[in-house]
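> Would you mind keeping the following structure in view while I ask a few things?
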Amino acid sequence: MVSCRGPLRLLLVTDPGRYGAGVSIVAQIFVGLAGVFHLAVFALESVLFRKPSTYRRFLIRTPEEAEVARPWAFNQGFYNLFLAIGALGGLVAGGDRGHAIALFACACMAGAGLVLVASDRRMVRSAALQAVPPILALVFAAVL
């Protein structure tokens, strides 16, 4: 049994009775990374989108294009927030239910990343950032 103190303890739930014997710390770390990434994307899409340095990350070139896309980005940001809440909330909740919620959120994140790269090959880097941590969480949850 691994012991940890401080804020890291929230992410690394090491009591098998609490989180389920089949969920490794490695999987939990990737769930946490995926959740934190989606919180950051929420901030970019829903809070900071009007900044040129932000909307250019989404291949939008002009303030006029950004204003047209802003309602879409705001809504999309909240999708990412809800996925992050599912992943991180599942980690904190623990048990079989928390495990199921966290991994379902990861499956949704991975699927969304695959859709992103399928819809626009220029977004392959963003899609990888979005999809790889939750895919690794799912793989490590299944094999460790």
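Taken together, the values in this text are just the output of simple stated rules run on the coordinates, not laboratory data. Note that this is a predicted model, so its numbers are computed, not measured. Because the Cβ atoms are built from the backbone with ideal geometry, glycine has one as well, and the counts that use them run over all protein chains shown.
> How compact is segment 17-143 by the rule of thumb for globular proteins, expressed as Cα Rg over 2.2 N^0.38 Å? Before the final figure, lay out the partial values.
Working: Rg = 15.6 Å, N = 127, 2.2 N^0.38 = 13.9 Å.
Segment 17-143 yields a ratio of 1.13.
> Next question, about the same structure. Taking the square root of 5 times each eigenvalue of the Cα gyration tensor, what semi-axes in Å does the equivalent ellipsoid of segment 44-103 have, largest first?
Values: eigenvalues 213, 15, 11 Å².
Equivalent ellipsoid semi-axes, largest first: 33, 9, 7 Å.
> Continuing with this model, one more query. Ranking request for peptides 73-86, 56-69: highest mean number of other beta-carbon atoms within 10 Å first, then the rest in descending order. Working shown, then result.
Details: 73-86: 17.8, 56-69: 13.5.
Ranking the peptides 73-86, 56-69 by packing returns 73-86, 56-69.
> Order the peptides 101-107, 30-36 from the highest to the lowest mean number of other Cβ atoms within 10 Å of their residues.
30-36, 101-107
> May I ask you to work out the translational diffusion coefficient for segment 87-144 at 37 °C, viscosity 0.692 mPa s, via Stokes-Einstein with Rh from the Kirkwood sum over Cα pairs, reported in whole µm²/s?
Values: Rh = 11.7 Å.
This corresponds to a translational diffusion coefficient of 280 µm²/s.
> Say R0 is 30 Å: what FRET efficiency, to the nearest 0.05, do Ile85 and Arg57 get from their beta-carbon distance?
On the way: r = 23 Å, r/R0 = 0.76.
After rounding to 0.05, the efficiency reads 0.85.
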